Amino acid sequence: MYLTKKQYERPVIQRVNVGLMNKYGTRTEYEPVTHIDGNAVADLITAYGSPVFVLSEKTIRATFRDANRAFKTRYPKVQFAWSYKTNYISAVCNVFHQEGSWAEVVSGFEYQKAINNGVPGANIIFNGPDKSEAELIFAINNGSLIHIDHLDELYLIKEIEPQLQKRARVAIRVNMDTGVYPAWDRFGFNYEGGQAQDAINKIMLNTNMDLVGLHCHIGTFMLTPSAYAVAATKMSELALNVKKKFKKTLEYIDMGGGFASRNTLKGSYIQGADAAPSFDQYAEAISTAILNAGFTEADLPLLILETGRALIDEAGFLLGSVISNKRLADGRRATIMNFGVNILFTSFWYDHKITPAQPFGQHNESTVLYGPLCMNIDVIRENISLPPLKKNDQVVVHTVGAYNMTQWMQFIALRPAVVLIDMNQKPHVIRNKETPASIQKEEEMPAYLKEFKI
């Protein structure tokens, strides 16, 4: 039997403030995360490299079903539409489509991805302020729902209608005061100022467009379910006014997304797991407002939800390794990781939970966690309590499934592989890691620049 050498931990004298307890007591120890859905972190890194993104299909499906249950037990007509901008890797999108989600896109690029993934045109919602004429023609002829963002888009649809094979099925995006500030009034037509009603009037008096719904998206990472109740009430009032004024029953009300995940916002006093409302709370606020608005049973609109972050964030992990340690000039411990803000863009917003992937001792120390980029803003965590980590130790960054794989940058370092662990705990590569060749293939070299002497 061989004795293993224990890791050295420097002696430390630390004042203990006995009276300053958290709600769990004075213990600060936590367990290492060595496995994800039955797969050893060390094995995943060996197989796919470090860093590497890992997604849990089991968690994705369980989270979606929880959200679906929360709304469908409270409201009779519910349809989710997966937000492509949140994570548009095709395998991820198709997990949601298999669960029954439509596609919600905000660009022609995302629209084409949805088509390539096999989503029927009638089940694609086209949002966003930048829809080209060609994209609008294709989407309208394809039977998709067009959510109009501004008057120029409304007039463009009116102009191109003569060349269309189908009548445009449209909705307008509405912005409003929900009591949460700053209000999101950049997108869509304002409710309080009458812009939304003016846009509705223009559409209803145009025989080439069919107004079928209303859409709003009141903000992002919304921690106040009551704001959705305000929005749903105002959206219902608009829909009922269309019924009264034009004898037209709208098919749906789309409440957008913005539900918070369990991440912890920077500067937040309360941990994200404690601050984030549940799907039940969001569902209760929205469904109660619509059901109490005055619709008859026959006129009750379909409720569409475009939530992204809350459905995917917890399913995502980033596995990485330690490059080195150093002491800053002020004495703080600094640990440099092999991943940075180039692939973990959400570290600008959140204090991500980060846990070692191997056993460790009892001593923790306040640490600054840096990425490997040659830029001073590459800070993953400004202050985190971690045990001493040595070169090549591995860590797991939690709750990274939303936006990191759509907002990552090919800056200084190549982007890593993305792996999906299926329901049977088998890993699959769903996006290959970049190589110099895969980046270079998009470049063109003019002939006169091919030769040089140094």
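Taken together, the values in this text are just the output of simple stated rules run on the coordinates, not laboratory data. Predicted, not measured: the structure shown is a model, and the values here were computed from it. For neighbour counting, all protein chains shown are included, and Cβ atoms are generated from backbone atoms with ideal geometry for every residue, glycine included.
Test of understanding: extend the Cα→C-beta vector of residue 426 to 7 Å, then name every residue of the range 35-49 with backbone N under 16 Å from that spot.
Only 38-39 fall inside the zone, counting backbone N under 16 Å.
Over 31 Å between Cα atoms, which of 113/244; 72/234; 202/234 qualify? Please report the intermediate quantities before stating the final value.
Numbers: 113/244 39 Å; 72/234 22 Å; 202/234 20 Å.
Too far apart for the 31 Å limit: 113/244.
Can you figure out the FRET efficiency of residue 159 with residue 298, using R₀ = 41 Å and their beta-carbon distance, to the nearest 0.05?
Efficiency at R0 = 41 Å is approximately 0.70.
Size of the range 57-312 along its principal axes in angstrom, Cα-based, largest extent first?
53, 40, 36
Starting from the coordinates of the alpha-carbon atoms of the range 286-370, obtain the Kirkwood hydrodynamic radius over all distinct pairs and give the value in Å to one decimal.
On the way: mean 1/r = 0.0568 Å⁻¹.
Roughly 17.6 Å, rounded to one decimal.
Based on other C-beta atoms within 10 Å, arrange 72, 390 from fewest to most.
390, 72
How do 242, 41 line up, fewest other C-beta atoms within 10 Å first? Display every interim value, and only then the final one.
Numbers: 242 20, 41 24.
The fewest-first ordering by Cβ neighbours comes to 242, 41.
Indicate, rounded to the nearest 5 percent, the antiparallel portion of the DSSP beta bridges found entirely in the chain. Write out the running numbers ahead of the final one.
Values: 30 of 69 bridges.
So the antiparallel bridges in the chain amount to around 45 percent.
Select one label from (i) 24.5; (ii) 27.6; (iii) 31.0: the one whose number is Kirkwood radius over Cα pairs in Å as derived from the coordinates shown.
(i)
Using the alpha-carbon centroid of each, what span in Å lies between the range 317-367 and the range 170-232?
42 Å
Explain nothing, just the number: dipole magnitude of the chain about its Cα centre with +1 on each Lys and Arg Cβ and -1 on each Asp and Glu Cβ, in debye rounded to the nearest 20. Before the final figure, lay out each step's value.
Working: 47 positive and 46 negative charges, 211 e Å.
In debye, rounded to 20, the chain gives about 1020.
At what distance in nm do the modelled label points of residue 192 and residue 374 sit from each other, each positioned 7 Å from its Cα along Cα→Cβ?
With each label point 7 Å from Cα toward Cβ, the separation is 5.0 nm.
How would you rank 102, 82, 349, going from fewest to most other Cβ atoms within 10 Å of each one's own Cβ?
Numbers: 102 21, 82 30, 349 14.
Lowest count first: 349, 102, 82.
Over the chain, what is the relative contact order in whole percent, taking alpha-carbon pairs under 8 Å and six or more residues apart? Provide the component values of the computation, followed by the final result.
Numbers: 863 pairs, mean separation 82.2, N = 454.
Relative contact order for the chain comes out at 18 percent.
Taking only the alpha carbons of the range 260-322, what extent do you get along each of the three principal axes, in Å, biggest first?
Here the spans come out as 61, 24, 15 Å, largest first.
Between residue 385 and residue 61, what FRET efficiency comes out of the Förster formula 1/(1 + (r/R0)^6) with R0 = 25 Å and r the beta carbon distance, rounded to 0.05?
Numbers: r = 33 Å, r/R0 = 1.33.
The formula returns an efficiency of 0.15 here.
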